[in-house]
Each structure stands twice: as structure tokens, then as C-alpha cells.
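A short write-up of the structure that comes next.
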Amino acid sequence: MKTCKKCDESKPLSEFYKSKMHKEGYEHCCKKCRDAQRSREYTCTGCGKKFKAVKPNKFCSIECFGKTTRSDNEEMVRKVEQDGEYKLLSEYKTSRRKVDVMHVDCGKVFSATPNNILTKGSGCPFCKSSKGEMLIRKILINNEISFSEQVRFKDCKFVNTLPFDFGIIKDKQIIGLIEYDGELHFKKKFRTEEEFELQKIRDKLKDDYCATKGIPLLRIPYTKKDEAESILLNTILTWQSRAKL
């Protein structure tokens, strides 16, 4: 037993923190009194109430934590599923923690961070059509521009022929090619190093092919997604003007 210098109560040694600062090996104050001295005031993220705790904490209780987590989860599910393109299958933790997502169009399940899906435009890795490609397609259709998708040339290949996302057509001739480069063109993501290197090789082969054949090629990186429409329309206008000559 040991007497607490703060509350003057005799308590078992298990009720005291161990310390190298005192000869007897235990602090003079019991755990309850020591925690009261060390505690600071915080505001609960869940209910907004003030509370005291020894360690920094966002919530005043397990109940508040549970309510806030459920609310966040419901809100994230709503955001991810609002377009009807994806369905959240696992519980949401944080915006940067991966969740299981099903792509409604193809039925495939993959892992991605909610933040990535909502803000960076990452599409289903199993589908050829990414959000970026959908955006390009929509712009072309809305502006009544004639185009073809997944354009291939017999002499542009790497084992198999390499597809270009879009080909702009005028008088039944391709006057330019468009590639939307999503994150997978710049980051390894969930692939192996070898797969990432193969991606870079295929991209270079396409660049070299267009340069050799004199075919204009526009690459729109995912970082320019917000500017895609102006970049696309201005470039196509230039191609169309040249085609008249």
C-alpha cells in the first residue's frame, strides 16, 4: 500500500505510476490524481461539448465516436454512389484509406481510396474507359465532332496493336489522335514495377509512331482534367484548319 500525497488516500501500488524519479520507484500521486493534473480541455468533434482528457482526443465518448463514424460513412456512401457508377462495399474509415468498390457497369470489384474516386477521377482499373475518357467522349459529342474510339494501326504494335483512345475524323480521314493519360501513366499504383515500365514503353511507341507518320497526337494528363475542354477544342480547331489546306 502507498499513500497518495494529493488525496491522502492509501491505495495499492497498482494504482500508482512507476517512476525512476523517486526512490521507492513510484510517483507520489496516484494515477487518478496524476491524470487530473495532466488533463487538458478539448472540444468533442461529435457533439461539440467540452471535455478533459490526458491525451488529445477528438471525441468525448465511445458513443460520440460511433455516431460520427456512422454519419461520415453514410455521407461518403452517398457521394461515391450518387452518379450510380460505383457501389461502396466495405466500411468507410477515412478518405485516404482504401475501400472495396464495385464498378456497376462491369460488376468488377477493386480497392481504391474514396478521395481518389471523388477528386482524382480514377476509373475502374478493369475497364478500358476511365472517367477521363468519358469526359473526352462527352465533350466531343456535345460539340458534334466526328470521332472514332480505340483507333489502331497495323504497324503500331507492341506484341499486339496499340489502341489510341480517340481519333478525330474529317472527310473520312483521321486528322489527329487523342490520348487521355490517367494516373496509371505516371504512377505505379497497384501494379508491379515491370507493368509500370511496360506502360511507359507503350506510350513512347505511340509517340514515336505519330512523330514518324506525321499524325498529330494530343495527350491530356489527368492533372489538366479541369482544362480538358478548352485544350481539346482549341487543338481540334487547329487540326481542322490545317486539314483544309
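Near the amide H of C7, within less than 5 Å, lie the amide hydrogens of C30, all on another chain or at least 5 residues away, with H placed in the peptide plane.
Inter-label distance, N142 to K49: 4.9 nm, where each label sits 7 Å from its Cα along the C-beta direction.
Taking a ≥ b ≥ c as the square roots of the eigenvalues of the alpha-carbon gyration tensor, the range 163-245 is classed oblate because a/c is 1.5 or more while a/b is no larger than b/c.
Would you order D203, D208 from fewest to most other beta-carbon atoms within 10 Å of each residue's own beta-carbon? All intermediate terms of the calculation are to be shown ahead of the outcome.
Numbers: D203 15, D208 11.
Neighbour counts put them in this order, fewest first: D208, D203.
Cβ crowding within 10 Å ranks L233, L218 as L233, L218, fewest other Cβ atoms first. Exposure proxy for T192, T94: other Cβ atoms within 10 Å of each Cβ, ordered fewest to most, give T192, T94.
Bear in mind that the values in this text are calculations on the coordinates, not laboratory data. Note that the structure is a prediction, hence the values are computed from the model and not measured. Quick reminder, even Gly has a Cβ in these numbers, built from the backbone with ideal geometry, and neighbours come from all protein chains shown.
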